[in-house]
Amino acid sequence: MVKIGILGVGTVGESVAKILEENGDIIEARAGKKIVAAKGVVRSLEKKRDVSIPLTTDPLEVINDPQIDIVVELMGGVEEPYALVKQALKNGKAVVTANKALLAYHRYELQELAGDIPFMYEASTAGGIPVIGALRTGLSANHIESIQGIMNGTCNYMLTKMINEGAQYDEILREAQKLGYAEADPTFDVGGFDAAHKLLILASIAYGLDAKPEDILIEGIENITQTDVAFAKEFGYEIKLLGIAKKVGEGVELRVHATMIPSESMIAKVDGVMNAVTVVGDRVGETMYYGPGAGGDATASAVIADIVDIVRGNQGPMLGYKKGLESGLKLLPKEQIVTQYYLRMDVSDKAGVLAMITSTLGEFGISIDSMLQKPVSDEGRAKLLFTTHKTQEAKMREAMQALEALDVVEGKIAMMRIEK
Ligand code: HSE
């Protein structure tokens, strides 16, 4: 029998305990041994929980218990779980975690510490989708050219409702929280940080790239308005929060932002809490992984897959490589990203304004792809919406500053990137 200790018995932890019990027969058949949740750690014993395993508030009762074979870390946070999983590894226990923030900051130290002790994290990225396994093993014959995907279920759920039903931002965020999709602090979801943590994990497996969240471009969905949604519909785009890793020469672009993508693309059709990740390998070509990106049972499904792998003895090196990987590749500075852009600005509606704006864009070498003017109910104002041809991020930032300095432009310009 294999005994599991669970640090953090919340939505996912409860599901892990329940699935191990309710699907115990099939799990035992696959793993070759019976697996039981033996102990759970919670912050408070007062709160009612839907599990029958013994609970404690002291994580050391799990970490230092010689009876526990595998520690499952589902607490969230960074430094507290880091200290605990380090101790678990020192005690020789295998670790399974769903904690992407922990890995975004400490994956390389953990790889070093784990050595030959299994350390698995399938549930950290894209919930129930086995995309880590695909990258660590399934695609190991390939140089990875790009990874692009919807990696945050909360944002995708919110955007789907905003676009299809015109739902209000705050109301749908509350709904996503109630459904157990959102992080304890939902700014991690809507600000793009959760997706960035996942992207960094995938980029480590694909490229061996040791970047931190602070090093990469991260934007969320907070500034998207119904004007952007209407423009996107009119011009044949869907709006998705994407994580993008792309090899460009000897560099790798890593970025998370709201993105306009052609409505006919496969990823544009991924709605609600579903995630989808496209990985392009130099030999296999394009592959795509689709499934629920958040929620108790979906995430627990990935946690248990890792446990089964460990029990079978299948684990390999934590990040999927034993020697330096793609050693020449460097993180491309944010300013050097090249893509197409969408701009939304409020302007005075008078003669010569459009010419002033287009000539400012022209001064920075930015070529306009399409343009739309919408009247605003106030007299004398209008909304101008542009898409541009490909240009460099640094140029676009300078052009936006120059435009915002014009008297005819009111307030800040909203910007979104376009990927085709
Ligand atoms: N808050 C995350 C999401 C949970 O919405 O995708 C899964 O990592």
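From (1) within 24 Å of the chain's Cα centre (by Cα); (2) in contact (Cβ under 8 Å) with a residue 12 or more places away in the chain, pick out the condition that doesn't hold for residue 286.
Only one criterion is unmet by residue 286, namely (2).
Can you tell me which residue within segment 269-285, out of those that are assigned to a strand (DSSP E or B), within 16 Å of the ligand (Cβ to nearest atom) and open to solvent by less than 30 Å² (accessible area, probe 1.4 Å), is farthest from residue 181 (Cα to Cα)?
277
Hey, any hits in segment 383-404 for a residue that's of a type outside the set (Ser, Thr, Tyr), out of contact with any strand residue (DSSP E or B) (no Cβ under 8 Å at 6 or more places or on another chain) and more than 30 Å from residue 246 (Cα to Cα)?
For segment 383-404, residues of a type outside the set (Ser, Thr, Tyr), out of contact with any strand residue (DSSP E or B) (no Cβ under 8 Å at 6 or more places or on another chain) and more than 30 Å from residue 246 (Cα to Cα): absent.
Report, by residue number, each residue of segment 2-21 that is more than 25 Å from the chain's Cα centre (by Cα) and under 15 Å from residue 70 (Cα atoms).
If the condition is that a residue be more than 25 Å from the chain's Cα centre (by Cα) and under 15 Å from residue 70 (Cα atoms), then 2, 3, 4, 5, 17, 20 are the ones that fit.
Just give me the residues in segment 1-26 being open to solvent by 20 Å² or more (accessible area, probe 1.4 Å) and out of contact with any helix residue (DSSP H, G or I) (no Cβ under 6 Å at 6 or more places or on another chain), in sequence order.
Across segment 1-26, the qualifying residues are 1, 3, 10, 14, 18, 21, 22, 23, 25, 26.
Give the residue, chosen from 176, 211, 167, 206, that is away from the ligand (no atom under 16 Å from the Cβ), open to solvent by less than 60 Å² (accessible area, probe 1.4 Å) and assigned to a helix (DSSP H, G or I).
Sole residue among the options that is away from the ligand (no atom under 16 Å from the Cβ), open to solvent by less than 60 Å² (accessible area, probe 1.4 Å) and assigned to a helix (DSSP H, G or I): 206.
From the set of residues in segment 303-332 that are among the charged types (D, E, K, R) and over 14 Å from residue 138 (Cβ atoms), which is nearest to the ligand (Cβ to nearest atom)?
Top of the filtered list is 306.
Here are 311, 376, 353: which of them is in contact with a strand residue (DSSP E or B) (Cβ under 8 Å, 6 or more places away or on another chain), open to solvent by 20 Å² or more (accessible area, probe 1.4 Å), free of Cβ contacts under 8 Å to residues at least 60 places away in the same chain and aliphatic (A, V, I, L, M)?
376
Looking at segment 179-203 only, could you name the residues that are within 23 Å of residue 397 (Cβ to Cβ) and not in a helix (DSSP H, G or I)?
191, 192
Kindly indicate which of 83, 104 is within 15 Å of the ligand (Cβ to nearest atom) and farther than 20 Å from residue 298 by Cα.
Testing whether each residue is within 15 Å of the ligand (Cβ to nearest atom) and farther than 20 Å from residue 298 by Cα leaves just 104.
Out of (1) among the aliphatic types (A, V, I, L, M); (2) open to solvent by less than 20 Å² (accessible area, probe 1.4 Å); (3) within 11 Å of the ligand (Cβ to nearest atom), the odd one out for residue 134 is which?
Going through the list (1) among the aliphatic types (A, V, I, L, M); (2) open to solvent by less than 20 Å² (accessible area, probe 1.4 Å); (3) within 11 Å of the ligand (Cβ to nearest atom), residue 134 breaks only (3).
Scan segment 198-225 residue by residue and report those that are within 21 Å of residue 160 (Cβ to Cβ) and out of contact with any Lys or Arg (no Cβ under 6 Å at 6 or more places or on another chain).
Correct list: 199, 219, 220, 221, 222, 223, 224, 225.
The rows are residues; the columns are (1) under 16 Å from the mean Cα position of the chain (by Cα); (2) at pLDDT below 95; (3) part of a loop (DSSP other than H, G, I, E, B).
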site: 227; (1), (2), (3): no, yes, no
site: 259; (1), (2), (3): yes, no, no
site: 267; (1), (2), (3): yes, no, no
site: 291; (1), (2), (3): yes, no, no
site: 323; (1), (2), (3): no, yes, yes
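Can you work out which of the residues in segment 183-192 that are in contact (Cβ under 8 Å) with a residue 60 or more places away in the chain and not charged (D, E, K, R) is nearest to the ligand (Cβ to nearest atom)?
By that ranking, first place goes to 188.
Which of the strands (runs of 3 or more DSSP E) contained wholly in segment 1-93 include at least 1 residues that are over 25 Å from residue 109 (Cβ atoms) and among the β-branched types (Val, Ile, Thr)?
Per the criteria, 2-7, 35-41.
Would you confirm whether or not segment 151-158 contains a residue that is surrounded by 17 or more Cβ atoms within 10 Å (Cβ to Cβ), within 16 Å of the ligand (Cβ to nearest atom) and more than 13 Å from the chain's Cα centre (by Cα)?
Looking through segment 151-158, at least one residue is surrounded by 17 or more Cβ atoms within 10 Å (Cβ to Cβ), within 16 Å of the ligand (Cβ to nearest atom) and more than 13 Å from the chain's Cα centre (by Cα).
So which residues in segment 327-342 are more than 17 Å from residue 217 (Cβ to Cβ) and either open to solvent by 50 Å² or more (accessible area, probe 1.4 Å) or among the hydrophobic types (A, V, I, L, M, F, W, C) (or both), if there are any at all?
Correct list: 327, 329.
I'd like the full set of residues that are touching a residue at least 24 places away in the same chain (Cβ under 8 Å) and away from the ligand (no atom under 12 Å from the Cβ), limited to segment 110-125.
110, 111, 113, 114, 117, 118, 119, 120
Could you tell me which residue of segment 370-420 is nearest to residue 227 (Cα to Cα), considering only residues that are part of a loop (DSSP other than H, G, I, E, B) and at pLDDT below 95?
If we take residues in segment 370-420 being part of a loop (DSSP other than H, G, I, E, B) and at pLDDT below 95, then 376 is nearest to residue 227 (Cα to Cα).
Here are some residues: 201, 224, 239, 261. Which one is buried (at least 18 other Cβ atoms within 10 Å of the Cβ) and within 16 Å of the ligand (Cβ to nearest atom)?
The conditions single out 201.
Is there a residue in segment 375-386 that is under 32 Å from the mean Cα position of the chain (by Cα) and of a type in the set (Gly, Ala, Ser)?
no
Tell me which residues, restricted to segment 286-302, are more than 10 Å from the ligand (Cβ to nearest atom) and open to solvent by 20 Å² or more (accessible area, probe 1.4 Å).
Hits for segment 286-302 are 286, 287, 288, 289, 290, 297, 301.
The values are calculated or read from the model by the stated rules, or taken from the named source; none is laboratory data. Treat the numbers as computed from the prediction; the structure is a model and nothing was measured. Cβ coordinates were reconstructed from backbone atoms using ideal geometry, including for glycine residues, and neighbour counts include every protein chain displayed. Only protein heavy atoms, including side chains, enter the accessible area calculation; ligands, DNA and RNA are left aside. Shrake-Rupley method; radii C 1.70, N 1.55, O 1.52, S 1.80 Å.
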